[in-house]
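The structure appears right after this line, and notes come after that.
Just so it is clear, none of the values below were taken in a lab; they were calculated from the coordinates. It should be emphasised that the depicted structure is a prediction, and the values quoted were computed from it without experimental measurement. Cβ sites come from the backbone with ideal geometry, for glycine too, and all protein chains shown count toward neighbours.
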Amino acid sequence: MKLTEEVENEFIKLEEERGVRLEGNILKLIKPQSTKFEEYIELAIAKDSENRKKRLEITRQIQQQNRELAEKALENNELMVDLKVALEQAEISKEEAVHDLDIMQKKSQFELIGKIVQVALWIIMGVGITTTVLYSIALFNPSVDTTLLGNAWSNLFGILLTNSFSIIGTIMGVKYASEGSSRKPE
């Protein structure tokens, strides 16, 4: 392909003024008329080859980076799956621990309530037996007036009986309330 000298000069001028030159396979087809344009074509071919190598290197770098990013994304996905599994296992373990703690608390509360009831009943029985023995001694002693003692003994048993039911009722109420607060609403 032959160009006129005027067109060749325009291409040379374009390169000098704007730094723009011909590129690509078209350079192989052009037959220069002047030595100056021949130098232009040789320089353009060299620059085009250099630019192609740079673009090819950049393309290879981008492809390598894309492969690395794809590998990292795969690793991230695997880590996310592992994290989800670990989180689910932790939630299950937490629920089991809370359940075990709840059972232990209820057991210790039950044991404590049992001890309180036992102690209260022993005290009530002890006071009742003691007052009965003292009243019996007073009954068999002719020199002691038992009228006042009889009323006191009767009142004392009434108070002991009332207090024993009050203690048991309070304990049962606390037990019922604690069971009610540990239930989850459905």
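In whole Å, what are the extents of the chain along the principal axes defined by its C-alpha atoms, from largest to smallest?
On the principal axes, the chain reaches 159, 28, 27 Å in Cα extent.
Lys pairs in the range 81-186, Cα-Cα under 30 Å, at least 8 apart or on separate chains: how many?
Summing the qualifying lysine pairs gives 15.
Mind checking the dipole of the chain: about its Cα centre, +1 per Lys or Arg Cβ, -1 per Asp or Glu Cβ, Debye to the nearest 20? Show your work: numbers first, answer last.
Values: 23 positive and 29 negative charges, 127 e Å.
My answer is approximately 620 debye.
Taking the Cα-to-Cβ direction at LEU134 and at ILE12 and moving 7 Å from each Cα, how far apart do the two end points lie in nm?
For LEU134 paired with ILE12, the spin-label model returns 13.8 nm.
How high is the relative contact order of the chain, in percent, with contacts defined as C-alpha pairs under 8 Å that are six or more residues apart?
Relative contact order here is 13 percent.
Can you tell me the relative contact order of the range 87-178? Whole percent, Cα pairs under 8 Å, sequence separation 6 or more.
Numbers: 20 pairs, mean separation 27.9, N = 92.
This gives 30 percent for the range 87-178.
Which shape class, rounded, prolate or oblate, goes with the range 1-100 when its Cα gyration tensor gives a ≥ b ≥ c as root eigenvalues, a/c under 1.5 marks rounded, and past that a/b bigger than b/c marks prolate? Can you show the working numbers first?
Numbers: a/c = 8.10, a/b = 5.92, b/c = 1.37.
Prolate is the answer for the range 1-100, as a/c is 1.5 or above and a/b outweighs b/c.
Along the positive direction of the dipole of the chain (beta-carbon charges: Lys, Arg +1; Asp, Glu -1; about the Cα centre), which of ILE124, THR147, PHE11 reaches farthest?
About the Cα centre, the residue reaching furthest to the positive side is THR147.
Among ASP48, ASP102, what is the fewest-to-most ranking by other Cβ atoms within 10 Å? All intermediate terms of the calculation are to be shown ahead of the outcome.
Working: ASP48 17, ASP102 11.
In order of increasing Cβ crowding within 10 Å: ASP102, ASP48.
Assuming R0 = 30 Å, can you tell me the calculated FRET efficiency for the pair THR4 and ALA46, based on Cβ-Cβ distance, to the nearest 0.05?
Working: r = 24 Å, r/R0 = 0.81.
Step by step, r from the Cβ atoms, then E = 0.80.
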